Every structure is written in C-alpha cells, then in structure tokens.
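Novice: Have a look at this one before I ask anything.
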Amino acid sequence: MTENTPGNALNVDTVLRGGTVVDGTGIDRRLADVAICGERISHIVEPGSLRFNAVREIDACGKIVSPGFIDVHTHDDNAVLVNPGMAPKISQGVTTVIGGNCGISLAPIVPTDLPAPLNLLGGKDAFRFAKMSEYAEAVDAAAPAVNIAALVGHSTLRVGVMRDVSRKATTNELDKMRELLADCLDAGAIGFSTGLWYKPNAAADIEEVAALAELLSDRGGTYTTHMRDEHDGVLDSLQEAFETANRARVPVVISHHKCAGPKNWGRSTETLPMIEKARARQNVSLDAYPYVAGSTVLEPHMVDPDIRIMVAWSVPHPEMASRDLSDVAREWNCSQVDAAVRLAPAGAIYFQIDEQDMRRILSYPPTMVGSDGLPHDTHPHPRLWGTFPRVLGHYCREEKLFSLEQAVHKMTGLSATNFGLKDRGIVAEGAFADLVVFDADTIIDKSTFDNPTLPAAGIDHVMVNGQIGWSHGGHTGVTGGRFLHRH
Ligand code: ZN
Ligand code: CU
C-alpha cells in the first residue's frame, strides 16, 4: 500500500479504534480498527497498524463492532414515512428493516376499504402508493434513520384487484396481480409475502400463490409466508409452504415460526426436523422473535380462553389498551368473544408460545431474528423495542443459547444472504458501513409487556450508510437510511 509510507496518514471519514469485530459471518471475533469512507467500509486492519487521518474518531476499545442488525420481519412500511427517526429500531442497533411481511404491504394499492390485518400498517391515509416506485421515492424523500427493503403482500394485491376476497382469484384477477407484482419487483421490491391465515388471503390456494411467487424465480426474489395455520395444522402448513416454493422454484422463509396454542406446545420437536429435511431438497429458512407471546389484530375467532390475551389497541375503546381481555370482559360483564366484538377494530398480544419451543426455534442455526413489531399500536408488544438486545443480552449472554458470533450471524450475515441484500450484514472492506458499537457485557432489552416502549441499554453507536444516526441513547440528527433496491 503506497499510501502507508511513514508520515502519510490515510484520509478517511470515520475510524472506529480498537474494537472487537464480530463480522456477521459467524467466524471468531478479532481486534481491529475499522475505517469508513463515504458510505462504505474502506479498511479493516490490526489496531494501530495504519495511520488514519479521520474526521471522526470513535474509541471502540472493549466494545463489539458488528454489522447493523437486519430486522427481517417488520411492518414498518408506513413507520419509516411518518416516523422517520425510527427510534424503536435504531435504538436496538437495527440498520435495515424488511417491510411488507405477512401478506400486507403499503404498495401497490390505493384502497377504498381496508380490511384487517391491513390496518396494522397505520390509518387509511397511510395507503397512497399505487406503485412500488412511488413508495421507494417517498422513503428516500422521508430520509429515515434506517434502510428499508420491501416485500409485496398478497393481501394487498388481492384487496386492490378483487371485488370479493373470500374466493380464489379468477384468471383475469390473477393476471392483474401478476402484472402489479412484476411492476413492483422491477421497481426494486425484494420479494413477495403471504398471510394465508388472514381473511383477505385465506381463499388463495397453492396454485394461486405459486402463480405469483414464480415471478420471483428469475429475478432472484424471496417468498415469505405467515402460514395458513400455526396452531393444530402447523405440519400441513409447513408442507404447503414447501410445495408452493417448490412449484414456484423460489426460496421460502417461514415467518415467525411457532407452535401456537397450549395444545401444540412442544411440537417444535416435530417442525424443526421437518424443516431440516426440506432444507436438504430446497432453499428454506425461517425467522423468530425471542418472546412467548405473539401480536396481531384482535378478532372474535382469535379469542382462546386458555391463554392470556392483552389488548394492544382499539379504535372504539382506546382506554382498554394494555388491559387483559379477561379483565375487560369481566368489567363489561360479557364473554371474551363479545368483548372482542365491542373492541373491534382492535389488536392484541397473545401468550400462545411455549418458552422451550421458542428457545429451540431461536437456537436452531438456520433461524434468523425478526421482531414482527407493530409500530402503530397504542400499547405494543415489547418486541418492537427489545428484540435484538434481548437475543444478545438475555438469550446469548445470560442463558448461553448460542455464542455471540452465532447470535450476531442470525441477525446480520444470514439475513442479508437469505434476502439478497448485497454488501450488507457483514463487516468487510467494501461493504456498506451499516455498523453497531455495543457493550456485550451490558446490552439488554428494557421494554416489557407492562412498559413496552423503553429503549434498550448497552448500544453505544449505530451507523447507517456511513452516517452515525444514534449515539449513547439518542438521535444524532443525521440520518443515513434509504430504500434498498433488489440487486
Ligand atoms: Zn405474521
Ligand atoms: Cu408479521
């Protein structure tokens, strides 16, 4: 290196000095100085081995320097526009979110009527993007604190194209949806998602889903699915997901994998071997969050008297957010089902997962971390603010479910590979400078089910595309996020 003659210091924008690099690939940590020029990492060298003349110097001694976390399962499509600071995510060290999961995406429709679960993406005025290209422009104009990559939701397509979503799409409707999906993919969307458990999506069969998913095949996109049944029919649903992906010749991600409901607790001993077997034949991966509760809309048929259900939001009764549904029913002197009817439209938190299943799924090596946080809820599930530090602090450091290198890999390198996010999820020369500096000894989630919006502890700095957006518990006023186009 000619620039490295004595006396010649290298001009760079930022240098992170003396940190312990956990690079996202899963390999052992090492000490290094990391230099950033513009939006990319320019040098990774042994501490002190090169002289840098940096605009900004950060002492990272004793701290971990890792790739920024990739939240593979989000519903942040509208949040990046209306709340571009994205505090719930950047405060955790997240630098990229993947939106459009579970069959619901903001683009490509401007609907007149919004059935659940599309209302999880914010109010009716959230939906104003007839094209993915318009959404991408809006994201860049909003300059969010984190990057977003977009999936196209099947429910969104159905609601936009079909008069009656309670049946299978006609050939004509399918052609229309294929056209819309192709246009979104050409505008940079990274894949397609279904939420077959939800009403607007449930009438679609394997044939309909595969006819859409196959558009990803030559374009290199990913298919993600909130399966038809995560309860008693979880094995059949896994089979359906594999078969759909197989027909469409695309990689599939099983979203927020769980065995839901007390009757199915323990069944991850069946589902994981089934996933492992499928992985020998085709590209299958999965994501999970580190909690024993899920969260989504609240509808009467979702009420299970055998589990605790907590109200997250309600349009007619916002005052009931954070209360247990059983409490509300008692106060109103009615059944929980009737209470759910009166609360609708509403959302809830369901304590439907067994801790042992969750641990088994989270520690399964192919499992990525995704929060599934719901940013518009009045009283959100704590996963919105706590997922990544909880994996690193509680399940890695305290419970020793996996090494720090493995934990970081599950939230960075593995995720970038599965979703085709080029030059991200890794600390390497030439990669984008999406980085987190954190303290492995103190990192921990602070948000709880009672107090769900507290930022995590132990995150020192978060850099997105070379810009430090978050430092020591607060925004810096600089934002580096953008819409990530499929490569
Ligand atoms: Zn889902
Ligand atoms: Cu979801």
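Novice: Taking a ≥ b ≥ c as the square roots of the eigenvalues of the Cα gyration tensor of segment 400-487, is the shape rounded (a/c under 1.5), prolate (a/b larger than b/c) or oblate? Provide the component values of the computation, followed by the final result.
Specialist: Details: a/c = 1.76, a/b = 1.27, b/c = 1.39.
Judged from the Cα gyration tensor, segment 400-487 comes out oblate (a/c at least 1.5, b/c at or above a/b).
Novice: Provide the gained length on full extension for the span residue 315 to residue 206, in nm with one decimal, where the gain is 0.36 nm per separating residue minus the Cα-Cα distance.
Specialist: Computed gain between residue 315 and residue 206 is 35.8 nm.
Novice: Here is a follow-up. Assuming R0 = 45 Å, what is the FRET efficiency of residue 341 and residue 168, from their Cβ-Cβ distance, to the nearest 0.05? Write down the numbers at each step before the final one.
Specialist: Working: r = 28 Å, r/R0 = 0.63.
The formula returns an efficiency of 0.95 here.
Novice: Another question, then. Amide H of residue 10: which non-local residues (sequence gap of 5 or more, or other chain) have their own amide H closer than 5 Å, using H built in the peptide plane?
Specialist: Distant-sequence amide H within range of residue 10: 51, 52, 53.
Novice: Would you kindly find the accessible area of residue 335, with a 1.4 Å probe and non-protein molecules such as ligands, DNA and RNA excluded, rounding to the nearest 10 Å²?
Specialist: Here the residue's solvent-accessible area equals roughly 50 Å².
Novice: Also, I was wondering about something else. Using helices alone, I'd like the mean residue ellipticity at 222 nm for the chain: each DSSP H run of four-plus residues gives -39500 (n - 2.57), total over residue count, nearest 500. All intermediate terms of the calculation are to be shown ahead of the outcome.
Specialist: Numbers: 15 runs with 128 residues, N = 487.
Here the helix-only value at 222 nm equals -7500 deg cm²/dmol.
Novice: Further question: Pop a pseudo-label 7 angstrom from the Cα along the beta-carbon direction at both residue 231 and residue 218 and give the gap in nm to one decimal.
Specialist: Once both label points are built, they end up 4.2 nm from each other.
Novice: Simple spin-label model, 7 Å along Cα-to-Cβ: residue 472 to residue 53 in nm?
Specialist: For residue 472 paired with residue 53, the spin-label model returns 2.8 nm.
Novice: Right, next: If you place +1 on the Cβ of every Lys and Arg and -1 on the Cβ of every Asp and Glu, how big does the dipole about the Cα centre of segment 1-72 come out, in debye to the nearest 20?
Specialist: Values: 7 positive and 10 negative charges, 26 e Å.
Computed charge dipole of segment 1-72: roughly 120 debye.
Novice: So what's segment 294-350 giving for Cα Rg divided by 2.2 N^0.38 Å, two decimals?
Specialist: Details: Rg = 9.4 Å, N = 57, 2.2 N^0.38 = 10.2 Å.
Ratio of Rg to 2.2 N^0.38 Å for segment 294-350: 0.92.
Novice: Also, quick follow-up: Considering just Cα atoms, how many Å³ per residue does the convex hull of segment 354-467 enclose? Let's see the in-between values first.
Specialist: Working: hull volume 14.0 nm³, N = 114.
About 123 Å³ per residue, rounded to a whole number.
Novice: Rounded to the nearest 0.05, what FRET efficiency do residue 322 and residue 199 give with R0 = 25 Å and r taken as the Cβ-Cβ distance? Could you check? Mind showing how you got there, number by number?
Specialist: Values: r = 26 Å, r/R0 = 1.05.
The formula returns an efficiency of 0.40 here.
Novice: How long are the semi-axes of the equivalent ellipsoid of the chain, taking √(5λ) for every eigenvalue λ of the Cα gyration tensor, in whole Å from largest down?
Specialist: Details: eigenvalues 272, 124, 93 Å².
That gives 37, 25, 22 Å for the three semi-axes.
Novice: Give the accessible surface of the chain per residue, rounded to a whole number of Å², with probe radius 1.4 Å and ligands, DNA and RNA excluded.
Specialist: Working: 17620 Å² over 487 residues.
Here the residues of the chain average 36 Å² of exposed surface.
Novice: For residue 253, enumerate residues with amide H under 5 Å from its amide H, sequence gap 5+ or separate chain, H modeled in the peptide plane.
Specialist: HN-HN under 5 Å from residue 253: 223, 224, 225, 285.
Novice: On a 1.4 Å probe surface of the protein chains, which of 313, 265 comes out largest in accessible area, and what is the full order? Please list the in-between numbers first.
Specialist: On the way: 313 30, 265 100 Å².
These residues rank, largest area first, as 265, 313.
Novice: For residue 419, what accessible area in Å² do you get when you roll a 1.4 Å probe over the heavy atoms of the protein chains, rounding to the nearest 10?
Specialist: Result for residue 419: roughly 10 Å² accessible.
Novice: Percent of accessible area on the chain owned by carbon and sulfur, 1.4 Å probe?
Specialist: Numbers: 8660 of 17620 Å².
Summing carbon and sulfur atoms, their accessible area is 49 percent of the total for the chain.
Novice: How far, in nm, would the chain grow between residue 46 and residue 448 when pulled straight, counting 0.36 nm per residue and subtracting the alpha carbon separation? Don't skip to the end; give the middle numbers.
Specialist: Numbers: separation 402, 0.36 × 402 = 144.72 nm, distance 3.99 nm.
Extending this stretch completely gives an extra 140.7 nm.
Novice: Rounded to the nearest 0.05, what FRET efficiency do residue 137 and residue 378 give with R0 = 35 Å and r taken as the Cβ-Cβ distance? Could you check? Don't skip to the answer; put the middle values down first.
Specialist: Details: r = 30 Å, r/R0 = 0.87.
Rounded to the nearest 0.05, the efficiency is 0.70.
Novice: Separate question: Just subtract the alpha-carbon distance of residue 175 and residue 30 from 0.36 nm times their residue separation and send over the number in nm, one decimal.
Specialist: Numbers: separation 145, 0.36 × 145 = 52.20 nm, distance 5.23 nm.
Once the chain is fully extended between residue 175 and residue 30, it gains 47.0 nm.
Novice: Enumerate the residues in segment 34-69 having an amide nitrogen under 13 Å from the point lying 7 Å beyond the Cα of residue 8 toward its Cβ.
Specialist: 51
The values are calculated or read from the model by the stated rules, or taken from the named source; none is laboratory data. The model shown is predicted, which means the values in this text are computed figures rather than measured ones. Cβ: placed from backbone, ideal geometry, glycine included. Neighbour counts: every protein chain shown. Side chains included, ligands, DNA and RNA excluded: accessible areas come from the protein's heavy atoms. Shrake-Rupley method; radii C 1.70, N 1.55, O 1.52, S 1.80 Å.
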